[in-house]
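Engineer: Here you go, one structure.
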Amino acid sequence: MTRKYAIGTDIGGSHISCALIEIDKEQIVLGSHSNKEVDNKAPAEVILAAWAEALRLSMDGIDHRELAGIGFAMPGPFDYPNGIALFTPEVVKYQNLYGIDVASRLRELLDLPEECSLRFMNDASAFAVGEAWMGKARGFERSVCITLGTGFGSAFIDTGIPVVERMDVPLNGCVWHLPFKDGIADDSFSTRWFIHQYALRSGQRSSGVREIAIQAEIDPLAKELFIEFGNNLGGFLGPWLEKFKAGALVIGGNISGAYNLFGNYLEDSLKSQNLRIEISLSGLKEDAAIIGSARLLDENFWNKIKPLLIKM
């Protein structure tokens, strides 16, 4: 029997989202989405049971002999080639999974045969692969995808494959760790930058970027934060976009919802560097990581990306 389906899975800090993908048709199977809240501080068995429950729902309705396997868009630190969690107390989330062979445990919980593969990839890379396969970066030879949220995710894509080790990309093919201002890029292009800066400048606490974005309609100080954010983001990304010769920049993550407040300044910053690049907000949104992780079950793609996983 042909193994024509794959499940794509996005593991978030407090949830799991998954869906069934028909590989050859390059589309999500209608009605196969499954989402479940997960307590990331729960014992390992509770977390794994929650993940297994969500996955079962997406598998429902197909003959399991048609399932090529399950792909996971997984945050780090994680041993992607072997499916072993490396979350530490410093990471805050999922630390009770440390050292656990997630692939083997989920295979047991789901009663999957050995020929049904479980494969893992960094979540930011999965997002970018999904955009290059079925999203806004499709049709571009080279693209850069970023996610702006709790952290600053990024990936450089060349002909559909993440570039993690080459002269025209940063170390490990991502930018979060690069120096910027008085710290690293992740400090300046994430939710905590907005919360910290708004408190510092206004003396008021906020719950997140959405609240500050609402305030920006009436508060010049809040509005100025988004202007500064856009200018800084363009100044930081510009040299790497030029070096990589990217044709497209795709933006996702929660902060992208406030693009109307910072987007013009990002675009103007890139134009001032003589960069002509297609800038798009992700239309796939969370589905991008689901789609990208499911592509791990495409054998041609898998053979190309497998050697790169250890460097993610």
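Engineer: GluC sites (Glu not before Pro), restricted to the range 45-126: which are DSSP loop and have at most 11 other Cβ atoms within 10 Å?
Structural biologist: Sites meeting the loop and neighbour criteria: Glu114, Glu115.
Engineer: Could you tell me whether the range 143-189 comes out rounded, prolate or oblate from its Cα gyration tensor? Rule is a ≥ b ≥ c as square roots of the eigenvalues, rounded for a/c under 1.5, then prolate if a/b exceeds b/c, otherwise oblate.
Structural biologist: The shape class here is oblate.
Engineer: Packing-wise, with mean Cβ within 10 Å as the measure, how do 299-309, 68-78, 198-208 rank, highest first?
Structural biologist: Those peptides, ordered most packed to least, come out 68-78, 299-309, 198-208.
Engineer: Within a 10 angstrom radius of the beta carbon, how do Thr150, Thr159 rank from fewest other beta carbons to most?
Structural biologist: In increasing order of surrounding Cβ atoms, one gets Thr159, Thr150.
Engineer: For Leu200, what is the net charge nearby, where nearby means another residue's Cβ is under 15 Å from its Cβ and Lys, Arg count +1, Asp, Glu -1?
Structural biologist: Once positives and negatives cancel, what remains is -1.
Engineer: Another question, then. Which of the GluC sites (Glu not before Pro) found in the range 171-266 are in a DSSP loop and have at most 16 neighbouring Cβ atoms, other than their own, within 10 Å?
Structural biologist: Glu217
Engineer: Shape call for the range 11-151 from the C-alpha gyration tensor, a ≥ b ≥ c root eigenvalues: rounded (a/c under 1.5), prolate (a/b greater than b/c) or oblate?
Structural biologist: Oblate shape, in that a/c is at least 1.5 and b/c is the bigger or equal ratio.
Engineer: Also: Determine the equivalent ellipsoid of the range 136-283 by diagonalising the alpha-carbon gyration tensor, then write out the semi-axes as square roots of 5 times the eigenvalues, largest first, rounded to whole Å.
Structural biologist: Whole-Å semi-axes of the equivalent ellipsoid: 27, 15, 13.
Engineer: Here are several values of volume of the Cα convex hull per residue in Å³: (i) 130; (ii) 175; (iii) 163. Which one was derived from the coordinates shown?
Structural biologist: (i)
Engineer: Among Ile212, Leu178, Gly130, which residue has its Cα furthest toward the positive end of the charge dipole of the range 118-271, with +1 on Lys/Arg Cβ and -1 on Asp/Glu Cβ?
Structural biologist: Gly130
Engineer: Calculate the dipole size of the chain relative to its Cα centre from +1 charges on Lys and Arg beta carbons and -1 charges on Asp and Glu beta carbons; express the result in debye to the nearest 20.
Structural biologist: Here the chain has a charge dipole of around 460 debye.
Engineer: Shifting gears a bit: Below 11 angstrom from the Cβ of Ile23, what's the summed charge of the other residues (Lys, Arg +1; Asp, Glu -1)?
Structural biologist: -2
Engineer: Follow-up. Given contacts defined as C-alpha pairs under 8 Å and at least six residues apart, what's the relative contact order of the chain, whole-number percent?
Structural biologist: 21 percent
Taken together, the values in this text are just the output of simple stated rules run on the coordinates, not laboratory data. It should be emphasised that the depicted structure is a prediction, and the values quoted were computed from it without experimental measurement. Counting neighbours? That spans all protein chains shown, and the Cβs are built from the backbone with ideal geometry, glycine included.
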